[in-house]
Amino acid sequence: MKNFFLKGKIAGITPVSVYENKVYTQNITVELEDGTKIEVYDPLKRCKKDMEGKIKNIRIRASTVQPIIKNEKREMKIIPFNKASHADIYGYIEKILPNKPENLVILKFGLGEIVLFADDKQIESLSEKDYVVTSANLYLDEINDAK
């Protein structure tokens, strides 16, 4: 699978699950190239403290919480929810990769790409190059140095 990364600055790391002063999961704040800040859940703590303030390539996998619907306005943007690893994503479908139990939908939103998980029913009326909007939880899948 192609990498499907977006570039952003690690603007902060916030503990989510903590027990006896040990952090088990975290959110990272990513500042995108246009200044938009999104929260991304990092359940495996892939983002390390020394990455804070640095520009990184980030692969986000998103789990939809609303249907993926066509957007005739052809908008490309991401609207984050305040202090939650959740966002409304407007973009176009670059690729649909059949997969079980859920398909992978590569969604371009202007500043990069996000990999959406979608079942067959969610994408039955969609095609590559369709402009869509959805609401999704954002998860860190991979992070590495930006080139």
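Of everything in region 1-54 that's small (G, A, S) and in contact with a strand residue (DSSP E or B) (Cβ under 7 Å, 6 or more places away or on another chain), which residue is nearest to Y92 (Cα to Cα)?
Result: G8.
Going by the conditions given, is K54 basic (K, R), modelled with pLDDT of 95 or more and closer than 30 Å to K129 by Cα?
For K54, the condition - basic (K, R), modelled with pLDDT of 95 or more and closer than 30 Å to K129 by Cα - is not met.
Can Y41 be described as touching a Ser or Thr at 6+ places or on another chain (Cβ under 6 Å) and either at pLDDT 95 or above or of a type in the set (D, E, K, R) (or both)?
When the stated conditions are applied, Y41 passes them.
State the number of residues belonging to region 47-68 that are over 21 Å from K37 (Cα atoms) and under 14 Å from the mean Cα position of the chain (by Cα).
Number of matching residues: 0.
Starting from region 121-137, keep only residues that are farther than 14 Å from N71 by Cβ, then list their pairs with residues that are outside any strand (DSSP E or B) and not basic (K, R) whose Cβ atoms are within a distance under 8 Å, requiring at least 6 positions of separation or different chains.
Cβ pairs passing all conditions: Q122/P67; Q122/I68; I123/I68; A136/V65; A136/Q66; N137/V65; N137/S85.
Suppose we filter region 15-36 for residues that are surrounded by 13 or more Cβ atoms within 10 Å (Cβ to Cβ) and either among the polar types (S, T, N, Q) or closer than 19 Å to D141 by Cβ (or both); how many remain?
Result for region 15-36: 10.
Is there a residue being surrounded by fewer than 19 Cβ atoms within 10 Å (Cβ to Cβ), in contact (Cβ under 8 Å) with a residue 40 or more places away in the chain and in contact with a helix residue (DSSP H, G or I) (Cβ under 7 Å, 6 or more places away or on another chain) anywhere in region 65-74?
Yes; the residues of region 65-74 include at least one that is surrounded by fewer than 19 Cβ atoms within 10 Å (Cβ to Cβ), in contact (Cβ under 8 Å) with a residue 40 or more places away in the chain and in contact with a helix residue (DSSP H, G or I) (Cβ under 7 Å, 6 or more places away or on another chain).
How many residues, within region 80-110, are within 22 Å of E33 (Cβ to Cβ), surrounded by 15 or more Cβ atoms within 10 Å (Cβ to Cβ) and either in contact with a His (Cβ under 8 Å, 6 or more places away or on another chain) or not charged (D, E, K, R) (or both)?
Final tally of qualifying residues: 13.
If you scan region 69-109, which residues turn out to be within 13 Å of the chain's Cα centre (by Cα) and modelled with pLDDT under 90?
Result: F81, A84.
The values are calculated or read from the model by the stated rules, or taken from the named source; none is laboratory data. These figures come from a predicted structure and were not determined experimentally. Here the Cβ is made from the backbone with ideal geometry for all residues, glycine too, and neighbour counts use every protein chain on show.
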